[in-house]
C-alpha cells in the first residue's frame, strides 16, 4: 500500500493576512498617524509667503531656541551613548547586589509622567535642593533654570533608549570572540575597539537616534527646570505652545516645520551612518 506523499506548497502559510491586506492596513495606519498630520503642518504653513516664513522663523528668540533645543539634544544623546553603553555592559556582563533594582530603574523615565520628572529635577537641582545646594554652593555651578538644567533633563529622559537598544545585542554577543582576541595577544582596549565596538555600533547609533528624537520634542520634563528665560533657556517646543496660546496657528506651524526639517535631516544622517556601519561590519539591519 502506498503512503500519501505531502507536496509542500510553493507559498508558505503565514499566520498574518496576505501581503496585499497587510500592506493596505500598514499604509492606512501610517497615513492616519504620521503622514496626514505632517502634511497638515506643511499645508498650514503654505498660508505664509516665503518672506513671511523667513521673518517668522528667524527671530532672535527662535534662533536661540533652535541652538538650545538641537544642541542640547545632540549633546544629551552623545552623553547617553557613552554612559548607556557602560550601564548596559554592567547589567549584561556582571552580577552585583541590587542588579534587578538598577535594571528596573532604567525604565523609570518611561513610566514617570514628564511633568513629575520636570518638577522632581527642578526641586533636586534648585539652589536649595539636595544636589543644587552642593553644585551651586560648593562648586559654584548653577544647574536649575539654565541651559545646563535643560541638558540634565534631556539626559534623564533619553538614557533608557540607549540601554534597552544595546542590551539584546550584548546578550547575544559571544564571549568566545573576546577570548580568542585575548589569546592572540590583544589588550582589553584593543579587544573592545576592534572586536566588540564594531558589533555594537549599529545598535549604539540606533539608541543615539532614538534618544535624540525624544530629546528634540521633549517639553514636560524640561519646562520646569529650564527657567524659560528668553534668549537663554527657552526651548523651541515652548515657543510653539506660546504661539498656540496666542492663537497664532500659522506661526506655530512655521516653527514646527523648521523642527521637522531639522529632525528629518539629522535622523537621515544618523540612519545613513548606521547603514554604512552595518555594511562595513557585514551585518544587516
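Every number here is computed from the coordinates shown, using simple stated rules; none is lab data. Just so we're clear, the structure is a prediction, and the values are computed from it rather than from any experiment. Cβ sites come from the backbone with ideal geometry, for glycine too, and all protein chains shown count toward neighbours.
What distance in nm separates the simple spin-label points at residue 189 and residue 100, each placed 7 Å from Cα in the Cβ direction?
3.9 nm
Quick one: Kirkwood hydrodynamic radius for the stretch 115-194, alpha-carbon pairs, angstrom, one decimal?
Mean inverse Cα-Cα distance, inverted, gives 15.8 Å.
Test of understanding: ordering 240, 157 by Cβ neighbours within 10 Å, fewest first, what list do you get?
Fewest to most other Cβ atoms nearby, the residues stand as 240, 157.
Output needed for the stretch 56-190: three equivalent-ellipsoid semi-axes, defined as square roots of 5 times the C-alpha gyration tensor eigenvalues, in descending order, whole Å.
For the stretch 56-190, the ellipsoid semi-axes come out as 35, 20, 16 Å.
Run the numbers on the chain and let me know its relative contact order in percent, using alpha-carbon pairs under 8 Å that are six or more apart.
27 percent
Working from the pairwise distances between different alpha carbons, so that the mean of 1/r is found and then inverted, what is the stretch 173-223's Kirkwood radius in Å?
Kirkwood hydrodynamic radius for the stretch 173-223: 13.1 Å.
Dividing the Cα radius of gyration by the Kirkwood radius, what Rg/Rh value follows for the stretch 40-101?
We get a ratio of 1.36 for the stretch 40-101.
Only Cα pairs within less than 10 Å get springs; with that Gaussian network setup on the chain, which residue of 154, 21, 210 has the largest fluctuation?
21
For the stretch 201-285, what is the Kirkwood estimate of the hydrodynamic radius, computed as the reciprocal of the mean inverse distance between distinct Cα atoms, to one decimal in Å?
14.8 Å
For the chain, modelled as a Gaussian network with Cα springs under 10 Å, which listed residue fluctuates most, 160, 230, 147?
For the chain, modelled as a Gaussian network with Cα springs under 10 Å, the answer is 230.
Evaluate 2.2 N^0.38 Å with N set to the residue count of the chain, then give the Cα radius of gyration divided by it.
1.28
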